[in-house]
Amino acid sequence: MTFSALDSGLLGPLFATEAMRAVFSDAARLGAMLRAEAALARAEADVGLVPAALADALDALTPAALDLEALGAGTALAGVPVIPFVSAVRKLLPADLEAGFHKGATTQDIADTALVLQMRDGLDLIAAESAAVLAGLRRIAEAHRATPCAGRTYGQHAAPISFGYKAATWALGLAEVSSHLPELRTRLLTASLGGPVGTLAGLGVQAETVALSYAGHLGLAPETVAWHSRRARIAEAGAWLARLLGSLAKFAGDVAHLASTEVGEVSEPHVPGRGGSSAMPHKRNPVSATVILAAFGAAKGHAATLLDAMASAHERAAGPWHAEWHALPQLFGLASGALREARSLAEGLVIAPERMAANLDLTRGLLFADAAAAACARTLGAGAAHALVERAAGEVRDTGRDLRSVLAGMPETRDVDFDRAFDIDRPVAAAAAATDRALAQLDRLASRLTPSTPEPTCP
């Protein structure tokens, strides 16, 4: 039995990628803890606090050398995994090196630094998938910048746009969130080293030198003061992941509606056996959209948990820090699955321009009501024109006639030229121009996904 769908052998492949599941696996966590300890030993050896051989001995250890079941039992007893981890590693070290192991550090230093190393790997995966989704959506927007379709507000036809404009809107929404990733990395990818209460008192006058070197050996930024109980960065990561999922959910929600039988303007790429029904052989349900929307639905609660964890008492809290362990990996997992599905949609969405054209005629010209009112306003004034077209729209609904013929038969419009108002090329051209502007902005934002400066290195 599993308590998380993401960890389930049955449900996990649906909601998270194997790559992200590997990043946050127990083996990856233990490996990151070993890397943190080796970096600490190397930093301390640089100033003569521990033997130089300690770091090499730690580098030689792998997660496979540790008994995961025993560590789990030890964690249940100790309350944190680092305590049994430290005890187990000490037993694997030569007697002359054991005394220098974990010198000056505390449990949270190793746990938080290991988490940061895992998040760095996870963010790399997210950045790559986000870039792929953006590229796919950009191609759709370019290809369909002038493909007419109905613009919809409140679920109803509003005015003509282009499908490219809709796709550019999806892309720009994701790009606006993704473009904040470099700033997030700057605040998030920092080493944790503070000792029992954050002051590094156990390292004496060498504390600052060791902390800087420790961060450098891990390719992380150093911290001036320990962030044991300053959890804003973790909450920010969770909120960013939730926002990322929200931008994907907007895309997925539109696709699910456009793929409905009555609309039929797009469909998810068909894969045999995908989206079927145990009862209805004809079904092709929107699985990708479903996974994305489900991920966003779950993400908000996890983000709230991380916000609550900011209320961390004194130098280390009882409870809020542990609560993070439930929420943050889940958000990374949900984001990975949602991005995988979004990429599938962006790269393989089946688009039906002919159905879009047919749907434009569903309301018998009401899509042009705004333009028609503007044409009437030149002679009748804005208020009177709006009332007139509103009355004409009611007649369209009641009689089934088209809006242009109804308006043309009204005595008030005998001097109005409706040719431009009912010319679909005009609103589509405006949508195409807006698409071009959106894509230019998209390119500017997407360029931020690739940092121009390298990760911090050892000084």
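Before we move on, is Gly264 touching a helix residue (DSSP H, G or I) at 6+ places or on another chain (Cβ under 6 Å), open to solvent by less than 30 Å² (accessible area, probe 1.4 Å) and assigned to a loop (DSSP other than H, G, I, E, B)? Criteria met by Gly264.
Determine, yes or no, whether Glu208 is open to solvent by 30 Å² or more (accessible area, probe 1.4 Å) and under 26 Å from Ala304 (Cα atoms).
no
Just name the residue that is surrounded by the most Cβ atoms within 10 Å (Cβ to Cβ) out of those in the range 399-409 that are assigned to a helix (DSSP H, G or I) and over 46 Å from the mean Cα position of the chain (by Cα). My answer is Leu407. The set of residues in the range 1-39 that are part of a helix (DSSP H, G or I) and over 22 Å from Asp67 (Cα atoms) comprises Ala5, Leu6, Gly12, Pro13, Leu14, Phe15, Glu18, Ala19, Met20, Ala39.
Criterion applied to Leu388, Leu445 was being under 30 Å from Ala237 (Cβ atoms) and either in a helix (DSSP H, G or I) or in contact with a Leu (Cβ under 6 Å, 6 or more places away or on another chain) (or both), and the one residue passing it is Leu445.
Please determine whether any residue of the range 424-435 is in contact with a Lys or Arg (Cβ under 8 Å, 6 or more places away or on another chain), modelled with pLDDT under 90 and not basic (Lys, Arg). Among the residues of the range 424-435, not one is in contact with a Lys or Arg (Cβ under 8 Å, 6 or more places away or on another chain), modelled with pLDDT under 90 and not basic (Lys, Arg), which makes the answer no. Scanning the range 11-23 for residues that are among the hydrophobic types (A, V, I, L, M, F, W, C) and surrounded by fewer than 23 Cβ atoms within 10 Å (Cβ to Cβ) turns up Leu11, Leu14, Ala19, Ala22. Might you let me know whether the range 424-436 holds any residue that is within 41 Å of the chain's Cα centre (by Cα) and part of a loop (DSSP other than H, G, I, E, B)? Yes.
Residue check: Asp415 meets all listed conditions (1) modelled with pLDDT of 90 or more; (2) outside any helix (DSSP H, G or I); (3) not basic (Lys, Arg) but one, namely (1). Of the helices (runs of 4 or more DSSP H) lying entirely inside the range 64-159, those carrying at least 3 residues that are surrounded by fewer than 15 Cβ atoms within 10 Å (Cβ to Cβ) are 68-78, 82-92, 107-143. I want to confirm something. Restricting to the range 84-104 and keeping residues that are aliphatic (A, V, I, L, M) and modelled with pLDDT of 95 or more, which single residue is nearest to the chain's Cα centre (by Cα)? The extreme case among them is Val86. Is it the case that some residue within the range 29-40 is among the small types (Gly, Ala, Ser), on the phi < 0 side of the Ramachandran plot and open to solvent by 60 Å² or more (accessible area, probe 1.4 Å)? Checked the range 29-40: no residue is among the small types (Gly, Ala, Ser), on the phi < 0 side of the Ramachandran plot and open to solvent by 60 Å² or more (accessible area, probe 1.4 Å). Somewhere in the range 170-186, is a residue open to solvent by less than 60 Å² (accessible area, probe 1.4 Å) and either over 30 Å from Ala346 (Cβ atoms) or free of Cβ contacts under 8 Å to residues at least 24 places away in the same chain (or both)? No, the range 170-186 has no match at all. Within the range 364-398, restricting attention to residues that are touching a Phe, Trp or Tyr at 6+ places or on another chain (Cβ under 8 Å) and under 20 Å from Gln156 (Cβ atoms), the residue that is least open to solvent (accessible area, probe 1.4 Å) is Ala372.
The values are calculated or read from the model by the stated rules, or taken from the named source; none is laboratory data. What you see is a predicted model; the values in this text were computed from it and never measured. Glycine also receives a Cβ, built like all others from the backbone with ideal geometry; neighbour counts cover every protein chain displayed. Areas reflect the complete protein model, heavy atoms only, side chains present, ligands, DNA and RNA absent. Shrake-Rupley method; radii C 1.70, N 1.55, O 1.52, S 1.80 Å.
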